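Novice: Just passing along the structure, written as C-alpha cells.
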Amino acid sequence: MSITVPSNVKPSGGLVYPAIGELPAIPAQPKSKRAKKAPAADTLNLVAARVGRAGLVQTVYIECPTSWCAVDHLEWEGALEDISHYSDSDVVQLNTLTDDDTGHSEMYVGISMDPVASDPRLRAAHVMVTDAVGDAYLTPDMADEYADELIAFASQIREKARIARLSNKAGR
Ligand SMILES: [Zn+2]
C-alpha cells in the first residue's frame, strides 16, 4: 500500500511548512569578511626558506601550504629536498593509575606534506599519526576511516568504564 504525502507535509507529521514556492524571499545577507579572507584549502603560497649547509645558507622561495603549515622555514636550515610541511599537532595521552609521574603513552596527529617524496600520496597533504612505534601516514580517506574506528573505540571505553563502575558498586 502506498500513501501519497503532499510535498508540503513532513513525513513525521510534525510542523507543516509552506511549499518551497510559497516561502517569502530571504533578504540578502551581508557576506562574512572572515570567509573572504580564509585561504582556499589547496592554496600554496611562496614563502622564504633558508637552504644550504652551515656557512653556505641562502634564502630561497618555496611553495608552502600556508593555510595549515606551522613550520617557520626561515628558522629551519637544511637541504632543499629535506623541506617538508607540518601542521600543529593534537595529542591524546594515556595515563595509568600505577604511575602518577609518567604518562603511559601518547599519540599525536597532524598534517604533513613532503614535496619531493617518491610516493605521490606523501607529496599531497596527508594525515600523520605518531606514537611510540613511529609515524603512520594516512590519506584523508584513510584518516576518516581511522577516525570512525576511534569513535567506536571511545564508545567501548565508556562502556567498559560503566561496567567497571557498576561492578565496584555491587561489590560494596
Ligand atoms: Zn610550510
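Novice: Restricting attention to the stretch 117-129, which residues are surrounded by fewer than 12 Cβ atoms within 10 Å (Cβ to Cβ) and part of a loop (DSSP other than H, G, I, E, B)?
Specialist: SER118, ASP119
Novice: So, SER105, is that one within 16 Å of the ligand (Cβ to nearest atom) and either exposed (fewer than 11 other Cβ atoms within 10 Å of the Cβ) or among the small types (Gly, Ala, Ser) (or both) or not? Before you say what the answer is, go through the steps one by one.
Specialist: Values: within 16 Å of the ligand (Cβ to nearest atom): no; either exposed (fewer than 11 other Cβ atoms within 10 Å of the Cβ) or among the small types (Gly, Ala, Ser) (or both): yes.
No, not satisfied.
For (1) out of contact with any strand residue (DSSP E or B) (no Cβ under 9 Å at 6 or more places or on another chain); (2) surrounded by 12 or more Cβ atoms within 10 Å (Cβ to Cβ); (3) among the basic types (Lys, Arg), each residue gets a yes or a no:
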{"residue": "ASP131", "(1), (2), (3)": "no, yes, no"}
{"residue": "THR139", "(1), (2), (3)": "no, yes, no"}
{"residue": "MET142", "(1), (2), (3)": "no, yes, no"}
{"residue": "TYR146", "(1), (2), (3)": "no, yes, no"}
{"residue": "GLU149", "(1), (2), (3)": "yes, no, no"}
{"residue": "ILE157", "(1), (2), (3)": "yes, no, no"}
{"residue": "ARG162", "(1), (2), (3)": "yes, no, yes"}
{"residue": "ARG165", "(1), (2), (3)": "yes, no, yes"}
{"residue": "ASN168", "(1), (2), (3)": "yes, no, no"}
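Novice: Quick one: which residue in CYS64, CYS69 is over 30 Å from ALA154 (Cα atoms) and either within 13 Å of the ligand (Cβ to nearest atom) or touching a Gly at 6+ places or on another chain (Cβ under 9 Å) (or both)?
Specialist: On inspection, the qualifying residue turns out to be CYS64.
Novice: Next question. Taking into account only those residues within the stretch 76-92 that are within 25 Å of the chain's Cα centre (by Cα) and surrounded by fewer than 15 Cβ atoms within 10 Å (Cβ to Cβ), which is farthest from the ligand (Cβ to nearest atom)?
Specialist: VAL92
Novice: So, of the residues in the stretch 42-53 that are farther than 12 Å from ALA79 by Cβ and among the aliphatic types (A, V, I, L, M), which turns out to be nearest to the ligand (Cβ to nearest atom)? Working first, answer last.
Specialist: Residues of the stretch 42-53 that are farther than 12 Å from ALA79 by Cβ, as a first pass: 42-48.
From what's left, among the aliphatic types (A, V, I, L, M): 44, 46-48.
Values: LEU44: 9, LEU46: 11, VAL47: 7, ALA48: 11 Å.
In this case the residue turns out to be VAL47.
Every number in this text was worked out from the coordinates using simple rules, so none of it is lab data. Bear in mind that the values here come from a model prediction, so they are computed numbers and not experimental data. As a convention, Cβ positions derive from the backbone with ideal geometry for all residues, glycine included, and neighbour counts pool all protein chains shown.
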